[in-house]
1. Can you name the number of the only condition in (1) in a strand (DSSP E or B); (2) within 21 Å of residue 91 (Cα to Cα) that residue 5 fails?
2. Is at least one residue of the stretch 62-74 in contact with a Phe, Trp or Tyr (Cβ under 6 Å, 6 or more places away or on another chain), crowded, with 20+ Cβ neighbours inside 10 Å and within 25 Å of residue 189 (Cβ to Cβ)?
3. Working only within the stretch 30-55, note down all residues that are touching a residue at least 40 places away in the same chain (Cβ under 8 Å), within 15 Å of residue 68 (Cβ to Cβ) and part of a helix (DSSP H, G or I).
4. Does residue 87 fit the bill of being assigned to a loop (DSSP other than H, G, I, E, B), among the β-branched types (Val, Ile, Thr), more than 18 Å from residue 26 (Cβ to Cβ) and modelled with pLDDT of 90 or more?
5. Failed condition for residue 19, given (1) closer than 30 Å to residue 194 by Cβ; (2) among the basic types (Lys, Arg); (3) modelled with pLDDT under 90, with all others met?
6. Could you tell me whether residue 355 is at pLDDT below 85 and either more than 24 Å from the chain's Cα centre (by Cα) or surrounded by fewer than 17 Cβ atoms within 10 Å (Cβ to Cβ) (or both)?
7. Taking the stretch 177-204 only, how many residues are part of a strand (DSSP E or B), more than 18 Å from the chain's Cα centre (by Cα) and in contact (Cβ under 8 Å) with a residue 24 or more places away in the chain?
8. Name the residues in the stretch 58-85 that are out of contact with any strand residue (DSSP E or B) (no Cβ under 9 Å at 6 or more places or on another chain) and aliphatic (A, V, I, L, M), would you?
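The values are calculated or read from the model by the stated rules, or taken from the named source; none is laboratory data. These numbers were taken from a predicted model, which means no experiment stands behind them. Cβ: placed from backbone, ideal geometry, glycine included. Neighbour counts: every protein chain shown.
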Amino acid sequence: MNVKAIYIGRKQVYIEHFKKIFALEIKDRLEVTENHITAINLIRQDYGQMPLIIFYEQNTVQTDTERIRFLRNHFTHLYIILVTIHVNYEDKIVYLKSGVNNTASPQIKPEVIRDFFLWITQYGSLLNNQKKAETQKQLAPFKMPWPKRALDIIISALTLIFFSPLFILTALAIRIESKGPIIYKSKRVGSNYRIFNFLKFRSMYIDADKRMKEYEALNQYQIPTQNTKEKQNNSTSSSVIFDEVILISDDELIPEKEYIAHKRVETENAFKKFEHDPRITKVGHLLRKYSLDELPQLINILKGDMSIVGNRPLPLYEAEALTTDQAVGRFLAPAGLTGLWQVEKRGDSGSLSALERKNLDIYYAQHFSFLLDLKIILKTFTAFIQKEDV
């Protein structure tokens, strides 16, 4: 039986150790990915229903269990091994309930991996729990209806031809103002969690991605949080701390309730959008005001990466926070140039919350039709010139 393995994690020391074992003992390549979004793509597009071993590098219990539960619920043919130095009894129970089958040390011995793969090859039926598929939710791939695809090809091709002079003028303006590529490519996650190169006219300075942290306070979807250490100091000076579960790290104490609330805020802050973004060039402000920076996405539409109308394809860091059973529905729809949330409340100085945006995306995925697409396209023309600079 052909069994493949994927390692999900970022610690290079662990990764190199596992890769060396696979090269010497398993005589096969270990697929490595930093996040589970890429793993989802590999599982669905490259490996299908082939039995898979997932080595999942431990992070925080809440984040890990959410993502492991997602993988387990949507892919029934996985054997999930948590790579960890130590897990206490309480956390071990939580991990087991979320779908972890086993644990492994980051310094696991080569012969243990070799014997394990020999066992899996002989008793691989334990890995293929296809009988449970009827009772588990499957991540059914979205298929583009052919009338919608035909309309996308016609509209994108004609628009590209019609706006070709504008493409040339825009490219010249970008090149004259600042150094860097004219077309900006970024990895985006579209329908079915498929990753593709998303095209835009560059509207930012070339080091914009590196400066993201500097401007976090401008994020329209940011939820204010109190300083953790300030709250922690107040907690430690109160007798209430003895009535709570306290999480202990190398340099601080934090109540479990506070930690869970902090992780919730991280998830709700998945979307990033900045008002009066200082990273944008002068030409970029003009391009964004009239949505001209979006024109290269017509090429994405022509290639089949996107549709004219759909849910906005997300950067990896946003999509990674939305791999939950509650949010997965938004990815079961075409990725689009324009969509429901853009025309309902486009920016609106931050009044569109992350929850509203997710709900509108899920609504579109469940109800999209030719008439709804036509309505959104007509509304897009009225929302073409944004009132605010976002």
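1. Condition not satisfied by residue 5: (2).
2. no
3. 36, 37, 40
4. no
5. Among (1) closer than 30 Å to residue 194 by Cβ; (2) among the basic types (Lys, Arg); (3) modelled with pLDDT under 90, the lone unmet condition for residue 19 is (3).
6. yes
7. Total meeting the criteria: 4.
8. 61, 85 - these are the residues of the stretch 58-85 that are out of contact with any strand residue (DSSP E or B) (no Cβ under 9 Å at 6 or more places or on another chain) and aliphatic (A, V, I, L, M).
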